[in-house]
Structure formats: C-alpha cells, structure tokens
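Notes follow the structure.
Rule-based calculations on the coordinates, nothing more; no lab input. Computed from a predicted structure; not experimentally measured. Here the Cβ positions follow ideal geometry from the backbone for every residue, glycine too, while neighbour counts run over all protein chains shown.
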Amino acid sequence: MARADDKRRGAGRLVVLGPRPNRAAGQVWLVGAGPGDPDLLTIKALKVLKTADVVVHDGLVSDEILDLAPEGARRISVAKRKSRHSYAQDEINRMLVAFAQEGLTVVRLKGGDPFIFGRGGEELEACRAAGVDCQIVPGVTAALAAGASAGAPLTHRGSAQAVTFVTGHAAQGAEPDLDWASLARANQTVVIYMGLSQATAIAARLMAAGRDAATPALIVENASRGDERRLTTTLGGMAEAAAHLSGPALLIVGEAMALAQAGGAAVETLIREARA
C-alpha cells in the first residue's frame, strides 16, 4: 500500500474509527527525530520507526528520515508553522489515541527531542488519560547540534557554568514570562528556541535586565541540515542579524559563543545586501 501524506484542513478532517473488538492494544511512541541530519537519529529511534503502522510527523522531519519507516506505513503530516497549523494540538492528541485504540503502532515523530519544546508532555498526558501505552525515545535537540556545528560549547569551565533553554513565545503567541534578571547573569549560556520573530524584544529584555550588549551571540538557522547557516554577532546586534533570516533558527547568547565559527554569509554581508 502506498504511503499517503495527509494534510487536511477545515471539514476534511481525518476520521479514525474507534477500537475494534478482539484486536490487540496498540501503542504510541513519542520519538525524537533529531535536528534534521539523518545521521543524528538514534539507533533506538530507527528501530521503533521500522515498527510503525502510522507515522504522525512534524513538518521539520526530513524525507530521508521518513523514508526509513516501513513501505506500508501511513504518513500523516501535522506540520506547525507560525499562525498556520494543519491540525490543532487537541486534534493530534485525539488522533494518536484513536489509532492506538485500533490496535496500531503509532510513531509520533518529532524534530529534536519530544520533551524540549516539542509538546510531548501534552501528548503523553492525553495517552495516559485514555489508558493508551505511551513510550518515549529521546532525540538530539537542536541546541546541541547548533553548538557542535559552530564549535561553540554550550558549557565551558571558564565562561559558561550553566546553560538554560527557553522558548521565544508562549501559548497563543504571547511573550514568554521569563526570569529575565536570572537570564541576564554573566557566564552562562541562554538558548532561545522559536525566538527569531521575537529577537528584538528578547535582546532588549536581556540588556534591560543587565546583560552586556557586547556579550557574544550566535544565530543558527536549520541546524545540522545541508542548508544550515550560522551568524556570529553580539547581544546588541542580534536583533538586526535575526531580521535577515527566516528560520527555523536558534538564538544563543553567552560568553562561550566567542568560540563560534560562522557558516554561510556573514552578518555584515546580509545587512549590506539588504540595504543595497
């Protein structure tokens, strides 16, 4: 059976039948696909993916990874982009539960790690509430790949004794309620996921809370992928640098980012081209 990529909207929602009598219970696996490079997929993730009857995947999961699923597995894209969701999160939760109740092995394939800003916790809760077995396979989160490719350690004995992962936006697109004073302390690395559109506000908040504008910063677009681009800048220059990227991207601020190596066009080149 050929695989289908279901991207249905409005009234054309996916309809899943309820549990079938005398059929073995299914299972949901929340699997981290890593940041994009297929070589960063874990061995366990690969093993689980090869057992899938249904693969419910994020838009950022590469075709190379999706093609590792069985030929007969059904593929359903639940891609989320800013202000454009093919399925609401509640619909995804119900979909996972319904497929498992049909006796199917469901792989919810997520970019990065399911529990690092991947809404894996919400899907786990939905499965537990429905009595569906749900297992977790961790993945390489984008921050690790971004730091590695740039040669910039997220922690460093001399300049980064802590690392904090935060999100650039909260529910319904609101600005996140973060402890800016804590994040502004020196000698730590702050990684902002999904922060590209909020780069101006984030930089302003950090500097207002006392973080030095000269603090090194790194922006990584499409971490670990073939089209990855890295921009080295400072906290003070981060907003202008971010304005020339479209994402998905990570913002990384901290003294250890002084070790980062740029990749692709330099910030100055992007700005000069934009002004031409």
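For the range 142-275, the spread of Cα positions along the three principal axes, ordered from largest to smallest, is 36, 35, 25 Å. Cross-linked pairs Lys44/Lys80; Lys47/Lys80; Lys44/Lys110: Cα-Cα separations exceed 19 Å for Lys44/Lys80; Lys47/Lys80. A Förster radius of 25 Å combined with the Cβ-Cβ distance from Ala208 to Ala258 puts the calculated FRET efficiency at roughly 0.65. Kirkwood-type hydrodynamic radius, the range 146-212: 12.7 Å, calculated from all non-identical alpha-carbon pairs. Placing pseudo-labels 7 Å out from each Cα toward the beta carbon at Lys47 and Ala79 gives an inter-label distance of 3.2 nm.
The residues His156, His57, when put in order of fewest to most other Cβ atoms within 10 Å, stand as His156, His57. Sorted fewest first by neighbouring Cβ atoms within 10 angstrom, Ile192, Ile76 come out as Ile76, Ile192. Note: relative contact order over the range 95-172, using C-alpha pairs below 8 Å and six or more positions apart, is 23 percent.
Under 5 Å from the amide H of Gly112 lie the amide H atoms of Ala33, Gly34, Gly36, each residue being 5 or more positions distant or on a separate chain, with H modelled from the backbone and absent for Pro and chain starts. Taking a straight line from the alpha carbon of Lys50, these aspartates and glutamates sit under 15 Å away, with near neighbours fewer than eight places off in the same chain left out: Asp63, Glu64, Asp67, Glu71.
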